[in-house]
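Report on one structure; see the data block that follows.
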Amino acid sequence: MAEQIRTYAEYYNKSEFKPNEVYVCKVVAVIGHGQQWAAYLGESDWEDERVLNDGDKVRQKAAEALFPTIAAQFRWRD
């Protein structure tokens with residue numbers, strides 16, 4: 001059976017998952033004022049700026065796992 005690629009929006013609104021379904025999203029890290037940083041999650045086809053403005057903020061531990069170098073140098077923005 002071939003994989004079916006679905007968007008983050010399809011994942012977000014789904015309650016039943018099947019084998020071979022692939023969900024794609026984009027995670028963007030941003031370093032702001034005061035040497036603080038955060039990461040945001042959005043749909044894979046969104047521009048980076050849209051992910052920053054309209055995406056869901058990623059939890060700190062997940063963001064640190066995705067961006068360990070940034071996490072080691074900057075303070076997490078609550």
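Data overview
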read-out: Top-ranked residue in segment 1-59 [being acidic (Asp, Glu) and assigned to a helix (DSSP H, G or I); ranked as farthest from Arg75 (Cα to Cα)]; value: Glu10
read-out: Contacts under 7 angstrom Cβ, first residue in segment 52-78 being more than 25 Å from Thr7 (Cβ to Cβ) and surrounded by fewer than 14 Cβ atoms within 10 Å (Cβ to Cβ), partner at pLDDT 95 or above and not hydrophobic (A, V, I, L, M, F, W, C), 6 or more apart; value: Arg75/Gln36
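The values are calculated or read from the model by the stated rules, or taken from the named source; none is laboratory data. What you see is a predicted model, and the numbers here were worked out from it, not measured in a lab. So basically every Cβ, Gly included, is an ideal-geometry build from the backbone, and we count neighbours across all protein chains shown.
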